[in-house]
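The block underneath contains the structure these notes are about, expressed in structure tokens.
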Amino acid sequence: MATEHDQSGDCPDDLESVEEEETGQEIANKVLEFPNVFAAIQSQRNAEMLALLPPSVKRRIKALKKLQLEVTHIEAKFYKEVHDLECKYHNLYVPLYEKRNLVVNGKYEPTDEESQWPSDEEEELPAALKEKIKLEEEKEKTEPKNEHGVPDFWLTIFRNVGLLAEMVQPHDVPILKHLTDIKTICKEEPMGFTLEFYFSPNEYFTNTVLTKEYEMKCTPEEDDPFSFEGPEIYKCTGCTINWNKGKNVTLKTVKKKQKHKSRGVVRTITKTVQNDSFFNFFSPPTIPEDTKEEDVDEDLRNLLTTDFEIGHYIRERIIPRAVLFFTGEGCEDEEDFEEEEEEEDDDDEEVDSDCKESTKINKDQNCKQQ
């Protein structure tokens with residue numbers, strides 16, 4: 001039987017452990033608060049410095065700010081013309097993307113000349129695998145397969161790209177096997193772009209095309225013009241998916257038992273809730289147009305930011321370099337970046353765990369602010 005002195009929390013070791021935890025927490029708080037405190041102090045110093053300037057100098061600074069505003073508006077015009085130029089050259093890419101689509105879906109067979117490309121990576125394969133490839137090639141000459149195009153081209157890309165792979169659930173895979181192409185429609189006025197996802201006939205929905213439209217703005221804010229850094233996505237609109245009965249993978253039915261308080265009778269109710277799925281991508285959250293930026297919920301803002309990043313990445317990287325993401329070559333830069341991050345973490349092994357976690361949180365916050 002434990003005595004008073006044997007009870008948990010009364011021994012010196014327990015007290016010492018608590019003190020260490022509190023000290024670690026204090027350090028963590030200081031790490032988190034330091035950048036904010038420093039920024040506040042620096043801002044106060046700047047305000048005091050400007051307040052003490054002679055009136056004639058203040059007048060000149062105001063003139064400089066007015067010049068800076070003109071620079072900002074010229075910069076906005078520059079970015080607008082860059083976007084127009086991107087749209088112009090996008091029209092030159094379209095015929096090449098169309099031909100890619102024909103090859104991928106087996107509607108065009110490349111000639112021997114069109115198929116000439118060095119296969120250096122095959123030289124590094126094990127001898128046994130090389131022999132197997134050779135046998136398969138000989139077999140295909142005598143027994144041609146009915147396989148056309150490049151099977152699972154876009155599904156493989158989704159699996160290879162980490163940003164998209166996280167969104168794809170097992171129940172999405174059979175649907176994405178029907179994805180035949182992804183196109184971009186570039187819009188000059190109003191500035192923006194639309195992503196079009198093309199699907200072959202399937203048992204899941206009747207749509208042949210699913211769309212996601214992104215609107216961009218390239219105008220400095222009136223109340224904060226110097227925060228302008230170029231065009232930014234500020235709004236996106238999905239589309240309605242016409243799901244066949246019982247095939248909507250974005251919803252799931254859950255059963256829940258309820259017990260009556262007084263009678264003790266138990267009943268089972270069914271409820272339809274949202275299900276994780278890539279196809280939620282076409283039903284983005286919306287913000288009323290009259291809502292002020294500071295009134296937007298932080299979680300909602302983060303969801304929209306992620307959505308904008310995905311849309312931008314599909315337009316800027318995946319569609320133009322699709323074959324490289326299919327082979328995995330387009331993912332190499334991302335893998336190298338992740339390895340560098342891991343090496344950096346290894347160098348900090350001796351740092352107190354509480355401090356490391358707090359520093360990580362602080363870095364994440366800074367990234368979000370950027």
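Once amide H atoms are built 1.01 Å from N in the peptide plane, which residues 5 or more positions from Phe205, or in another chain, come under 5 Å H to H?
It is Asn244, by chain and number.
Compute the FRET efficiency between Glu114 and Asn202 as 1/(1 + (r/R0)^6), taking r as their Cβ-Cβ distance and R0 = 30 Å, and round to the nearest 0.05.
0.50
How do the peptides 187-199, 40-52, 298-310, 166-178 rank, highest first, by the average count of neighbouring beta carbon atoms within 10 Å per residue?
187-199, 166-178, 298-310, 40-52
Please list the three semi-axes, largest first and in whole Å, of the ellipsoid equivalent to the stretch 199-261, using sqrt of 5 times the eigenvalues of its alpha carbon gyration tensor.
Three semi-axes, in Å: 41, 24, 7.
Go through the stretch 218-228 residue by residue and turn each phi into a ³J(HN,Hα) via Karplus (6.51, -1.76, 1.60, θ = phi - 60°); whole Hz please, and just put x for glycine and proline.
My calculation for the stretch 218-228 gives 9, 10, x, 5, 5, 7, 8, x, 7, 7, 5 Hz in order.
Between Arg45 and Asn105, what is the label-point separation in nm under the 7 Å Cα-to-beta-carbon projection?
Going by the 7 Å Cα→Cβ label model, 6.2 nm.
What FRET efficiency comes out for Asp84 versus Val57 if R0 is 45 angstrom and r is the Cβ-Cβ distance? Round to the nearest 0.05. Intermediate values should be presented prior to the final figure.
Details: r = 41 Å, r/R0 = 0.91.
Efficiency for this residue pair is about 0.65.
Simple spin-label model, 7 Å along Cα-to-Cβ: Asp152 to Tyr234 in nm?
Result for the modelled spin labels: 4.3 nm.
Given all pairs of different Cα atoms, what value in angstroms does the Kirkwood hydrodynamic radius of the stretch 49-105 take?
15.5
Test of understanding: what is the full-extension gain from Glu215 to Tyr97, defined as 0.36 nm times their sequence separation minus their Cα-Cα distance? The partial results should precede the final answer.
Working: separation 118, 0.36 × 118 = 42.48 nm, distance 2.32 nm.
Here the answer is 40.2 nm.
Highest mean first, what order results for 200-209, 149-158 on Cβ atoms within 10 Å?
With the highest mean Cβ count within 10 Å placed first, the list reads 149-158, 200-209.
Residues with beta-carbon under 11 Å from that of Glu98, excluding Glu98: net charge, scoring Lys, Arg +1 and Asp, Glu -1?
Working: positive: Lys99, Arg100, Lys107, Lys183; negative: Asp181.
Summing Lys/Arg as +1 and Asp/Glu as -1 gives +3.
Using a 1.4 Å probe on the protein chains only, how many percent of the accessible area of the stretch 219-323 belongs to carbon and sulfur? It would help to have the intermediate numbers written out before the result.
Numbers: 3500 of 7580 Å².
It is 46 percent, rounded to a whole number.
Computed FRET efficiency, Cβ-Cβ of Val266 and Leu67, R0 51 Å: what is it to the nearest 0.05?
E(calc), rounded to 0.05, equals 0.10.
So, counting K/R as plus one and D/E as minus one, what does the shell of residues with Cβ under 12 Å around Lys77 add up to?
-3
The values are calculated or read from the model by the stated rules, or taken from the named source; none is laboratory data. Only a predicted model underlies this, so the values are computations on that prediction, with no experimental measurement involved. Positions of Cβ are generated from backbone atoms using ideal geometry, with glycine treated the same way; all protein chains shown enter the neighbour counts. Note: areas computed on protein heavy atoms with side chains; ligands, DNA, RNA excluded. Shrake-Rupley method; radii C 1.70, N 1.55, O 1.52, S 1.80 Å.
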